[in-house]
1. Quickly run through region A:281-308 and pick out the residues that are farther than 19 Å from residue A:115 by Cβ and part of a helix (DSSP H, G or I).
2. Just one of (1) modelled with pLDDT of 75 or more; (2) exposed (fewer than 10 other Cβ atoms within 10 Å of the Cβ) trips up residue B:73, so point out which.
3. Select from region B:1-42 the residues that are within 8 Å of chain A (Cβ to nearest Cβ) and assigned to a helix (DSSP H, G or I) and list them in ascending order.
4. So the check is Cβ under 9 Å with 6+ separation or different chains; which pairs have a first residue in region A:168-191 that's more than 11 Å from every other protein chain (Cβ to nearest Cβ) and a second one that's among the aromatic types (Phe, Trp, Tyr) and not in a helix (DSSP H, G or I)?
5. What about residue A:196, is it out of contact with any helix residue (DSSP H, G or I) (no Cβ under 6 Å at 6 or more places or on another chain) and either facing chain B (nearest Cβ under 9 Å) or open to solvent by 20 Å² or more (accessible area, probe 1.4 Å) (or both)?
6. Look at region A:316-350 and say how many of its residues are in a helix (DSSP H, G or I), over 24 Å from residue A:209 (Cα atoms), open to solvent by 40 Å² or more (accessible area, probe 1.4 Å) and not charged (D, E, K, R).
7. Looking at (1) at pLDDT 80 or above; (2) in a loop (DSSP other than H, G, I, E, B), which one does residue B:95 not meet, given that it meets all the others?
8. Answer yes or no: is there a residue in region A:238-256 that is within 17 Å of residue A:51 (Cα to Cα) and free of Cβ contacts under 8 Å to residues at least 40 places away in the same chain.
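The values are calculated or read from the model by the stated rules, or taken from the named source; none is laboratory data. From a predicted model like this one, the values you see are computed outputs, not experimental measurements. Cβ atoms come from the backbone with ideal geometry, glycine included; neighbour counts cover every protein chain shown. For accessibility, only protein heavy atoms count, side chains too; no ligands or nucleic acids. Shrake-Rupley method; radii C 1.70, N 1.55, O 1.52, S 1.80 Å.
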Amino acid sequence: MNNSLVTLIGRAMFGPAPLDHTDQAAAIAVACAVVLFAIAVPFASIVTWVERRVWARIQSRVGPNRVGPNGFLQWLADGVKHVCKEDVIPEEADAPLFKLAPYLVVLAFILPWAVMPFSSMLILADLNIGILYMTAITALTVVGVLMAGWSSNNKWSLIGGIRSAAQIISYEIPAGLSIFPAVLMTGTLSMQGLIRAQKWEPYHWFIFANPFCFVAAIILFVSTLAENNRTPFDLPEAESELVAGFATEYSSMRYLFFFMAEWGNMFIAAAILVTLYLGGWQIPRFNWSPALMNLLQFICFLVKVLVLVFVSMWIRGTLPRVRIDQMMSICWKYFVPIGFINMIGTAIWVAFFPHGSRLMEMAMFALALAIVAAFAWRVAYFTRRSRMELYFHPTI
Amino acid sequence: MGPLITFYALALLAIVSAAITAFSRNIVHSAFALFGALAGVAGIYVLLGADFLFIIQIFIYIGGILVVTIFAVMLTQGIADVNVSNRAVGVLPALVTAGVAGGVMFYAIIHSSWYHARPGSATPTTYWIGDAFLGPYVLPFEVASLVLLAALIGAIVISRQEVRE
C-alpha cells in the first residue's frame with residue numbers, strides 16, 4: 001500500500017479512487033482542500049456577480065458594471081471589502097458558537113464537492129454511496145444555521161434560524177423521496193453509476209423515463225430551492241420581516257461565508273439534479289483522446305448545471321415570497337404524498353419494464369418539447385411588446 | 001501510520017465533544033457538542049469500512065436527531081440560567097454506576113472473541129445490507145418500522161390539545 005501524498009492526490013484526482021477506506025479518507029481530505037481553492041470558492045463568488053447582473057436585468061436595472069469588464073471583477077472587490085471590514089462580535093453573543101457557526105455552514109458546502117462528477121474521470125472520489133453522501137452532507141447546513149441563529153442572541157436571528165431549520169428538515173423529505181426513482185431504476189447510489197446508466201440523447205435521460213420521474217425531477221428542483229433558502233422560499237432571511245435572518249449580527253468575512261455557501265449550494269443542488277435526471281456529463285462517443293473527451297464532458301456538465309442555476313436566479317427575480325404556512329403545506333400536504341406516489345409508481349414501472357419503455361420515453365420527451373415550445377412562444381410574444389434594447393444588449 | 005493518526009484524531013474529537021456534552025453548564029453548548037461526538041463516531045465507521053453505516057449516522061443522527069434535540073433545547077424556557085440537573089445527583093451514586101457499567105463493558109471487551117477483518121478488504125456494503133433487510137431479517141425490520149410508526153402516532157396523540165386538557 002503506497003501511502004505517499006502524491007499518489008493519493010493523483011489517484012483521487014485522476015480516477016475513481018478504489019474503496020480502500022483509509023486512502024480514500026485521506027484523499028478526500030486533501031482533495032477537498034485543493035478543490036476549495038480551485039473551484040468551489042471562485043465559482044460561488046463569480047455567481048454573486050452573475051446573479052446581481054441577471055437579477056438587475058430582470059428588474060430593468062443595469063446592475064454592477066463598474067469593476068472590470070461589465071463589472072466582472074465585482075466579486076473580487078466584494079471579497080476584499082469584506083476581508084477589510086471589522087469583524088464585530090456582539091457583547092451579549094455566545095462567542096464560541098458565534099465564531100464556529102460560519103465554519104460549519106462552509107463545511108457543509110465544501111464536502112459535497114468530493115463526489116461531484118465533473119466528467120467520466122474527473123471526480124475526486126466515486127463513493128458507492130455518492131448520492132446519499134451528497135444529500136446527507138448538504139443537510140449539515142442546518143446545524144450551522146441554528147448555531148448562528150441561537151448564538152447571535154437576537155430575536156431576528158433566532159426566528160430566522162428556527163425557520164431555516166424547519167424548512168430544511170421539512171424539504172429534505174421530498175428531496176430524498178425524489179432521489180429514489182433514479183436510484184430504483186439503476187440500482188446504484190454512486191454518482192458515476194447513475195450517470196453511466198443514462199445516455200447522451202435527451203430522451204434517454206431519466207427525467208423522461210416515465211411520468212413519475214418527470215414529477216420527481218420537478219419536486220427535487222423545488223425542494224432544493226427551499227433547502228438553499230432561495231426565493232420563493234427565502235423566509236429565513238426575509239429582509240422585510242427579519243432584517244437578515246440568522247446572519248443579522250454577522251459582519252466581515254463571517255457574513256460572506258454564509259452567502260458564499262448559499263451560492264455554492266445552488267451549484268451543488270443543480271449538480272444533483274443533473275446527475276440524477278439530466279444525463280450528467282454524457283456526450284456522444286468519439287474516438288478522440290481521453291483528455292479532450294473529458295474536457296467536453298466537463299463543459300457539458302457545467303453548461304447543464306449553469307442553466308439550472310440561471311433558472312433559479314430567474315425564479316428569484318420573478319416570484320414573490322410564499323408565506324410560512326403556505327411553504328409548510330406545499331411540503332407536507334403536496335410534495336411528500338406525491339413523492340411517495342413517485343417512489344411506488346417507479347417501483348411498479350421498473351417491475352413491468354425492467355429495461356425502460358422506448359414509447360414512454362419518446363412521449364415524455366415530446367411533452368417536454370411542447371412545454372418548452374409553448375414557453376418560447378410566450379416569451380417571444382412578450383418580447384415583441386417590450387423594450388427590445390434591454391433584452392438584446394445584456395452587457396450595457 | 002496514517003489510519004492510526006486518523007483514528008486517534010477522530011476518537012479525540014468524539015471523546016472531547018462527549019465530555020463537553022456531559023460537563024458543560026450551558027445546555028445549548030451540550031446540545032451542539034453532540035455534533036462533534038456523532039461526527040467522530042461516523043468517521044470511525046469510515047475507518048472500519050462501514051460506508052453505509054457512516055452515511056446513515058450522518059443522515060439520521062446529525063441531520064435528524066441532533067437537529068430535533070437542538071430544537072427541543074431551544075424551545076425550553078429559561079435555558080440560559082438552567083440548573084443543570086445532573087450535578088444534583090451526587091458524586092457517589094454516579095461513581096458507582098459509572099464504575100459498574102465501565103467494569104462490565106471492560107470485561108465484555110476483554111473476553112469476547114472479535115471478528116478480525118482483513119486489512120485492505122473494505123468492500124461496498126450497501127447491497128448486502130439491503131439484501132439482508134429484505135431477506136433473512138425482513139421480520140425484525142418490519143417490526144422495528146411498526147414500533148417506530150406507533151411511537152410517532154403516540155407522540156402526535158399525546159401532544160394534541162384535546163388530550164392534554
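1. Our first condition is that a residue be farther than 19 Å from residue A:115 by Cβ; within region A:281-308, this holds for A:283-293, A:295-296, A:299, A:303, A:306-307.
Passing the criteria: A:290, A:291, A:292, A:293, A:295, A:296, A:299, A:303, A:306, A:307.
2. It is condition (2) that residue B:73 fails.
3. B:2, B:3, B:6, B:28, B:29, B:32, B:35
4. Short answer, once both residue conditions are applied: A:171/A:233.
5. Numbers: out of contact with any helix residue (DSSP H, G or I) (no Cβ under 6 Å at 6 or more places or on another chain): yes; either facing chain B (nearest Cβ under 9 Å) or open to solvent by 20 Å² or more (accessible area, probe 1.4 Å) (or both): yes.
Yes.
6. Selection size over region A:316-350: 6.
7. (2)
8. Our first condition is that a residue be within 17 Å of residue A:51 (Cα to Cα); within region A:238-256, this holds for A:256.
Now drop any that are not free of Cβ contacts under 8 Å to residues at least 40 places away in the same chain, which leaves none.
No, region A:238-256 contains no residue that is within 17 Å of residue A:51 (Cα to Cα) and free of Cβ contacts under 8 Å to residues at least 40 places away in the same chain.
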